[in-house]
1. Note the angle between two axes, namely the Cα long axis of helix 154-174 and the longest principal axis of the Cα atoms of the chain, as a number of degrees from 0 to 90, rounded to the nearest 10.
2. Could you tell me the center-to-center distance, by alpha carbons, between the range 169-185 and the range 28-60 in angstrom?
3. Please give the residues of the range 163-190, grouped as numeric ranges, whose backbone N is less than 18 Å from a label point set 7 Å along the Cα-to-Cβ vector of residue 108.
4. Take the Cα pairs of the range 55-97, get the Kirkwood Rh, then feed it into Stokes-Einstein at 25 °C and 0.890 mPa s and tell me D in µm²/s.
5. Let me know the Rg and Dmax you get for the range 127-190 when you use only its Cα atoms, in Å.
6. Quick check on the chain: take the gyration tensor over C-alpha atoms, sort the square-rooted eigenvalues as a ≥ b ≥ c, and tell me if it's rounded (a/c under 1.5), prolate or oblate.
7. Given the -39500 (n - 2.57) contribution per DSSP H run of 4+ residues, what per-residue ellipticity at 222 nm results for the chain, rounded to the nearest 500 deg cm²/dmol?
8. Considering the Cα positions of the range 22-86, please state its Rg to one decimal place and its Dmax as a whole number of Å.
């Protein structure tokens, strides 16, 4: 259980922040950039939820919780001894990715194949889901860069990759199951 009874601590005033394991890093460190962008993505999901209802809202609520899992995962460097720890750190697992894949497949089965690229827009919900997609893509790029430099749970990076696909398909669903998609017309304004 997390207890936050004091919001400011002044410990970050010098430009560092504490990771999940208590070590301190610069606020501009790649690890902090990665999990900070996951947090930003989560905020865009909250914005999308304002335009969602029913099953869409429930799915987005699950995703918000998963994004906190991804952030927690990325905020804890992988250590060899963590497997034997009495309370191992929270790590994203393959089942979370599999759930996204199943949801993508179910949504995509309702859509006609695309004949052009989709421009972000259409309905309010679709536009907000596209915004979430682009922020998740940035989080994925930052997590992949971090993984190239030091050990990172690969399932966390895979989750972000799949999640951006989920947002793309969900945006099409939000656009009257693709019928209201705004399609790119190459060279339309030359």
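No lab work stands behind these numbers, since they all come straight from the coordinates. Everything numeric here is computed off the predicted structure, so don't read it as measured data. Glycine gets a Cβ as well: all are built from the backbone with ideal geometry, and neighbour counts include every protein chain shown.
1. Helix 154-174 sits roughly 30 degrees off the main axis of the chain.
2. 21
3. Label zone hits: 163-175, 177-179.
4. Working: Rh = 11.7 Å.
Calculated translational D: 209 µm²/s.
5. 15.2, 47
6. Working: a/c = 2.02, a/b = 1.87, b/c = 1.08.
Prolate shape, in that a/c is at least 1.5 and a/b is the bigger ratio.
7. Numbers: 5 runs with 103 residues, N = 190.
Per the formula, -18500 deg cm²/dmol.
8. Taking only Cα atoms of the range 22-86, I get Rg and Dmax of 15.0, 44 Å.
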